[in-house]
1. Just the residues that are of a type outside the set (Ser, Thr, Tyr) and within 22 Å of C:Asp215 (Cα to Cα), please, taken from the range D:291-310.
2. Name every residue in the range B:190-217 that is within 7 Å of chain A (Cβ to nearest Cβ) and touching a residue at least 24 places away in the same chain (Cβ under 8 Å), in order of residue number.
3. Here is a check on your reading of the model: is A:Thr325 out of contact with any Ser or Thr (no Cβ under 6 Å at 6 or more places or on another chain) and buried (at least 24 other Cβ atoms within 10 Å of the Cβ)?
4. Tell me, yes or no, whether the range C:67-74 has at least one residue that is surrounded by 24 or more Cβ atoms within 10 Å (Cβ to Cβ) and in contact with a Cys (Cβ under 7 Å, 6 or more places away or on another chain).
5. Looking at (1) surrounded by fewer than 24 Cβ atoms within 10 Å (Cβ to Cβ); (2) within 30 Å of C:Ala269 (Cα to Cα), which is the only condition C:Gly346 fails?
6. Provide a single number: the residues in the range D:125-157 that are surrounded by 21 or more Cβ atoms within 10 Å (Cβ to Cβ) and not in a helix (DSSP H, G or I).
7. So B:Glu263 clears everything in (1) under 18 Å from B:Leu362 (Cα atoms); (2) without any contact (Cβ under 8 Å) to a residue 60 or more places away in the chain; (3) charged (D, E, K, R) except one condition, right? Which one?
8. Using the structure shown, decide if A:Gly228 is crowded, with 24+ Cβ neighbours inside 10 Å and either within 10 Å of chain B (Cβ to nearest Cβ) or closer than 23 Å to D:Ile221 by Cα (or both).
4 protein chains.
Amino acid sequence: MKKLPYSKVDDYNESQASARRTAIKDQTGVDLKHIGGYSIPPEVVSGNIEMFTGVAQVPLGFAGPLKVNGEHANGQFYIPMATSEGTLLASYNRGMKIASLAGGVKSTVLDDAMNRGAGFTFHDARAARRFGVWVKSNFQKIKEISEETTSVGKLLNIGQYAVGKLRFIRFNFSTGDAAGQNMVNKAAHRACQWILQNQPEEVEAFKFGSQFDSDKKHSLINALTVRGKKVVAECLLPRQLMKDVLRTTPEDYNRFKSTSTLEAYMAQAVTNTSHIANGITALFIATGQDVANVAESSAGYYHGEINKDGDLYMSVTIPALIVATYGGGTGLPTQRECLEVMDCYGTGKVNKLAEIAAAVALCGEISLGSAILADEFVSSHDHYGRNRD
Amino acid sequence: MKKLPYSKVDDYNESQASARRTAIKDQTGVDLKHIGGYSIPPEVVSGNIEMFTGVAQVPLGFAGPLKVNGEHANGQFYIPMATSEGTLLASYNRGMKIASLAGGVKSTVLDDAMNRGAGFTFHDARAARRFGVWVKSNFQKIKEISEETTSVGKLLNIGQYAVGKLRFIRFNFSTGDAAGQNMVNKAAHRACQWILQNQPEEVEAFKFGSQFDSDKKHSLINALTVRGKKVVAECLLPRQLMKDVLRTTPEDYNRFKSTSTLEAYMAQAVTNTSHIANGITALFIATGQDVANVAESSAGYYHGEINKDGDLYMSVTIPALIVATYGGGTGLPTQRECLEVMDCYGTGKVNKLAEIAAAVALCGEISLGSAILADEFVSSHDHYGRNRD
Amino acid sequence: MKKLPYSKVDDYNESQASARRTAIKDQTGVDLKHIGGYSIPPEVVSGNIEMFTGVAQVPLGFAGPLKVNGEHANGQFYIPMATSEGTLLASYNRGMKIASLAGGVKSTVLDDAMNRGAGFTFHDARAARRFGVWVKSNFQKIKEISEETTSVGKLLNIGQYAVGKLRFIRFNFSTGDAAGQNMVNKAAHRACQWILQNQPEEVEAFKFGSQFDSDKKHSLINALTVRGKKVVAECLLPRQLMKDVLRTTPEDYNRFKSTSTLEAYMAQAVTNTSHIANGITALFIATGQDVANVAESSAGYYHGEINKDGDLYMSVTIPALIVATYGGGTGLPTQRECLEVMDCYGTGKVNKLAEIAAAVALCGEISLGSAILADEFVSSHDHYGRNRD
Amino acid sequence: MKKLPYSKVDDYNESQASARRTAIKDQTGVDLKHIGGYSIPPEVVSGNIEMFTGVAQVPLGFAGPLKVNGEHANGQFYIPMATSEGTLLASYNRGMKIASLAGGVKSTVLDDAMNRGAGFTFHDARAARRFGVWVKSNFQKIKEISEETTSVGKLLNIGQYAVGKLRFIRFNFSTGDAAGQNMVNKAAHRACQWILQNQPEEVEAFKFGSQFDSDKKHSLINALTVRGKKVVAECLLPRQLMKDVLRTTPEDYNRFKSTSTLEAYMAQAVTNTSHIANGITALFIATGQDVANVAESSAGYYHGEINKDGDLYMSVTIPALIVATYGGGTGLPTQRECLEVMDCYGTGKVNKLAEIAAAVALCGEISLGSAILADEFVSSHDHYGRNRD
C-alpha cells in the first residue's frame, strides 16, 4: 500500500486533497464523494490538520432557545449540537425547555487555569525538597521567563508533588480566550529550560510533561484543582413544575440522584452525572473545540438538594471544562458560524462559552434524570432513534 | 427568541433545514453558509439527529498506511482521522510509520459486552440478598425474556453489587456489530419488567440504569470487567530501530513510562497513556461512532517491558472501547466512506474496527512518548500547529 | 548496637524474654518494667511473634450492651474495645445505647471469601488469553489440587484480570472460622505450582501474589467483590427518638450524610463513613485480630434514606471485613477472654463476630454523625479526652 | 443484660475496674483473669479510655537494630513491634538487616500538617465564591483566632474545594509533637465560629468537619497534600548484596515492583507497597499511637529505579503518617517505654519517630518483595507462623 501524496511546499489546496482522494480510490476502490463534498476552502485548515483530504460531515442542529443567567452569557441562546446519535438533541432540548420555564440556568465560572508540568529526579528526597524550596522562592523569575513566550498567558502558581527522589511541578496559567495547551506548553518549556540552567541541584533525569498535568484524560488532581475552566450551572426547579412537566417530585428526584452519587462512588465512575458527555461532545464538535478534551470535560459533579420551600435546587460543577473561542478549530467555517450564533466567537468570549456549555450539561441532566424516573427512557429512544442500535 | 421551525410530519428535508437556517439568520444575523454547504441528502440523517440544520464540516485526513496484525484486521490500512488539532495526524502518522517498520501492531480483542443495569431497593439487606439468589437461579429465564427484544444481542451474565438494602444488577450482553447501547436498553428494560413481576420480594424502589453500568463515563467497574470491547494492541520495538528513528533506548523509554504509571496512579488519572484520546476521537468522528464514548474509550492501560533480547515490548489495553460498524452514525455518507476505506462497514466487521482502533492508539503512544523523550514535543507543535494556541 | 539475645532452640520462655529486656536496658538505659509486667505465659505466643520481650498493655473497656439482631449474633453483647483514644469508647457506647433503644442493629453477612492471586506473563496477549481459557476449563482440577493443602478452605471461583501480555488470577476461597490469609497462601501456591507445570503456554514470568488480591490495603477490587466478609449492619431510627435523643431530624441527618458521600467521592476517600476505623480497630486489638487489616476493614459504605413513615433507615456495608475466631491472635489469653465474653471464640463463630463488628461500626456512625449535627463534637472531646492533643 | 458499673466521680481505679470484671463474669461466666493481669496503675489511663476494665496484652518484641540516616533519627534503633501475627517481626527484621548492611535507610520528612475542615452552603455558587474570596483575604485574622485555642498549633494555610453552592474549607495546621487531631478540632472550631459570625454571606447550612479533611481514612486529597507527616524513606541496595543476600537482581526486583504499581493502579489499591500496614500497625500499637490511623498511615507509594552503577534505588513515601511522641497513648507505661528505647518520648521528637516509622516501612518492602521473588514467601510463613491460618 502506497504512501498518500503529500507536498512539503504547498499541501493545503484542492489539488492536493483531490490527489489524495484519487489515490485512496485507486488503492481501495472507495470513492470519497461526500468526504470531498465540502464547501470550505482547503487553505483554511492549514494548522488544523495534516494530509487534508476532505471533511467529515457531522449532522448539526440547534437546540433551545436556552435561557442562561450567567455573568458573561445573559439571555437566550440557540445551542449548536453536532451528533449522529438520535434522541440526543431532543433530550437536551426538553431539558432546556424545562430549565427555561424554571427561570433559566445560572452559570458561574469559579476558576480558570491551563496546566503543564514536568518531573525532575534528584540524588535523593532531600535534594528534591531543596529544589522545591528553590522553585518556590524563584517564582517571580520563573513567571517572567515563562511569560516571555506569550502575550496572553499569565503564570498563576506552581503546584508541587513529591515521591521518593522525584519532584513534579505543575505550572498553572491563565490563557485568555484560547484553550491554551500549546501556549502553556511553550511557556512551561521555556520555564523548565531556565530552571534546569539555574537551579543548583544535580538533576539525574528531567521529563517535560507528566501525568500530574493530566492532559487529555480525567484525573482527580484536575478535579480537585482546575484544568481549563471550573464552571457551575445551577437551577431551581419548582415543585409544581416538576409535578406538571417532569411527572416527578423533588423528593423522588433527589433520592434518585443521591443514590447515583453513591453508585458512582462505589463503581469509581468519574462523574455522578447521567450523561453530560453527550451534550459536551455535541457542542464541542459543532464549535471547533478540541473534541479529545471530552475525556476531561465530560466529568462533572451533580449536587442537588430540596430547599426550604420544597423546590429542587440542582447543580452541575465541571472542574475541567476546556473551551476556546479563539484559535484551534474555532475559526473554521462551520465552527465559527456556530460560535457566532451564540455571539461567542473571538476574544473576550471564552467565559461566556464556558457558562453556556455548563448550562447545556445541566439541561441534559434535567431531561435524562426525569425521563428515567418517569420510565420514558427506553420508549423515547424507540421513537426518535430509528437508525440506532 | 423564537422556537425554530419544526415539522412533526416531515422534518428531514432541505426545506426544513433551510427554514431553520433562515430563522437563525433572522434572529441572530449569522448566515449559516457553510453549515448549509453539505453534500449529503437530509433524509439520511433521520434517526441520527433532530432539528437537522446542516453539518459541521470537520477537517479529515488519512494517516498511515498502518500495518495491523490482528485476528480480524490483517494488512495495511489508511486511517481516517477527523480533527481540528494541528500536529495530531502528523504525530500519529509518525507512530504508524515506526510501528510498521517494526513489523506492525498486533491487535487482539479479549472480551466483548455491552451493559445496562438497574437498582432495586428492598426492606432490608436480607431481602436484597434473597433477591440476588433469585436472580442467579432464574438466569436462563431472564436471558430468554431479554433476548426476545433483539435478534442479535445475547445475555452473557448478570453482575451483582450490594450496599445496604439495595441490590444493583448489571446485564452484560454481546451485541454483534452494533455498539449496542439501545439494543441493551431494550433488552434490559424487558428483563427488569419481567423480574419486577416475578420475583417474590417486596420492592421499595426500582431504578432503571445505574452508575454500575457506567454509560458515557469512565469507571473502574468498566475497566475491571468490560464495556464494549476489551482490546490489546502490542508491538515490539527493536533496540536499533529505537536508537535510529526515535533517538532513544528501550531503557530510557521504559523508565519514562514506568514513572508515568506511578504519576497516573498518584494523580488518579484514568489512563497512564499519554494521549490516546486524540487518536480515538479523530477516528470516532471520522467513522460515525458515538463520539461521547470518548469519555469511556479513551482510558487505556500502557504496559511495556524490555524483553530478553533487549528490545522494547509495548502494549496498550483499552478495556471499554465502544465501536460499531453498523447502526448509529456508521451509515452516514462521509462516515461510511471512511469505514469502507478500511473495509470495516457493515456486519461482521466490528472486531476488525476494534483492532484497528487499538492499533491507532498504540501508535500515538509510540510517537508522543518518544517525542517527549527526545524533547521534540514543543518544537513539532510549533512547526505544524500554526493556528493553534 | 548489639543484636538482641535469641535462641533457635527454645526462645519462647521467660528467661529469653527477660534476657532481651536486660539487653535493652544495658544498651539504652530504659527499664522495660511494664512491658515485662505481663500475666501471660511466654510459651503461648510462639507462632504469634518472634523475639518476644513482653507485652504492650493497651487499655481495655467494654461498651454496650449492644443489641444485635443477626442471623448468628442474636441478643445483647458487651463489646470489648482496646484503645488509648479518650472519648472513643464513650462515643460508641452512646451509639450502642441509641441503636438498642431503636430495637437493635440488624447484621447480615452477604458474602465471604479470602483471596490470593498470581500474575503470569506470556509471549503476547493471545497466549495470555488462551491461558485464561485454560484456567477456566481446568477449574475443577485446580480446585482439587489447591484444597489438598487445607481441610477447611474451599476454592469458590477464580477471577481473571488482563493487561497487555499479562494475566492475573485471583483465587477466592471460603476459609471457615480463620481469617485465612495463610491457608489461602498455601492453597494458591500449590495451585500455581500445578498450573505452571500443566498449562501449555510458555510463561515468560510468574509472580506469586499481586495487587489484584489486595492484601493489607484497601482496593476497589476488594470493595466490588469481597475480601473476608461482606457484612451489612442496618437500623431504623424512629423520628421521635432522633428528636429526643439525638436532637436532630431524619431530614437533617440524611442531608448531612448525602453530602458526606459527595465529599468522599470528590476527595476520593475510601469510605463515606465518619470513623468506622475507630471501632473496628479497638475491637480488633481486643479480640486478637490481625490489626493491620484495619487498612482494609475500615472502609465501609454508608447508605441511609428516610422511609415512608418518616423514620431514618441507615446502614453500613463493610466489603472487606477480615475477622477470625480461630487461629492467629484469637487464642492469646486476653484476646480469647474478649471473644468469650461475646461467645465468639473458636470454630463456628466467625460470622457471629462479623455481624457484631459491623453492628459496632454502625453505632459509631450513629453517635458521631449526630454529635456533629448537634455540634457537640468538640465539646465532648474536651470533656473526656483530657490526655489528648 | 445489665449496664456495667460506672462512677461519674471516680472511675479510674482498681476497684471500679475490678467491679466491671466481676460484673462481666456474673453475666457471661467469663473470668477476665488476664485482662485484669496488668501492671499499670488504672489512674494513668484516665483520658485514654472510658470504662477501663483491664488491658489487652499484645505480644511485643524488638526488631533491629536498624540503621537510620535521618535528619532527626540518626543511628541504630531497636524497633518495638506489637503483633500477634507470626513471621511479621522476623520478616521486618530481615529487611532491617539488609537495609543496615546496605548502609541504612535515609529518612526525610517533607511536609507536616494536621487538618480539619468545614462545609458551608450558600444561596448559590456566586455567594460561595464570594465567601471563598473573603476567607482568603481574612486569613491572618482567622489564623489569630484559631491559634488562641492552642499554644502549639499554627495555621499554615486554608484549602478550598467547591461544588455547586457549597464551599468546603480545610484548615492545615502544624501541631508540634502531638498528632494534633484534637488540637486542630478546637482551633478549627473556634475559627469556624468566628467565620460564621463575621463573613457577610447568608449561610444556608454549616457542617463542622467534612470528608475533605479525611480523618481515619485514606483519601487522595490527603495523599496529594499531607495529613500528619509526609515522609520518605530511601535506600540503595548494591547489586552484589541483592545477589548474595536476596538472591535476586536489581532488574528482576525492579520489574516486579513496576508491575505492582500497574496492578495497584488497575485494582485501585491505595498503596503500591506490599504490606507497609504490617510494620506501621505493630509500631503504632507498641508506641501508643492512635492505631485507627493505620487506615491512613498504611498507604504509601513505592518508587524504585536502577541507578547508573546498576544498583537499586528504592523508596517508600508515606503521605499521611500520623504519629505523636506526646499526648494520646504515648505516655502510657508500656508505650512510653517503647518510645524511650528509641529516645522518642516527649517534645521535640516527633520528626524522629516519623523518620523511624518510614524506615521500618521500607524494610518490610525489602523483605517481602525479595521473599516473593525468591519464592520463599509461603515457606517462611510455614516455618514461623505455627499458630496462624
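The values are calculated or read from the model by the stated rules, or taken from the named source; none is laboratory data. Because the structure is predicted, anything quoted here is derived from the model rather than measured. Counting neighbours? That spans all protein chains shown, and the Cβs are built from the backbone with ideal geometry, glycine included.
1. D:Val291, D:Ala292, D:Asn293, D:Val294, D:Ala295, D:Glu296, D:Ala299, D:Gly300, D:His303, D:Gly304
2. Scanning the range B:190-217 gives B:Lys207, B:Phe208, B:Gly209, B:Ser210, B:Phe212, B:Ser214, B:Asp215, B:Lys216, B:Lys217.
3. On the way: out of contact with any Ser or Thr (no Cβ under 6 Å at 6 or more places or on another chain): yes; buried (at least 24 other Cβ atoms within 10 Å of the Cβ): yes.
In short, yes.
4. There is no residue in the range C:67-74 that is surrounded by 24 or more Cβ atoms within 10 Å (Cβ to Cβ) and in contact with a Cys (Cβ under 7 Å, 6 or more places away or on another chain).
5. Condition (2) is where C:Gly346 drops out.
6. The qualifying residues number 3.
7. Answer for B:Glu263: the failing condition is (1).
8. Against the criterion (crowded, with 24+ Cβ neighbours inside 10 Å and either within 10 Å of chain B (Cβ to nearest Cβ) or closer than 23 Å to D:Ile221 by Cα (or both)), A:Gly228 qualifies.
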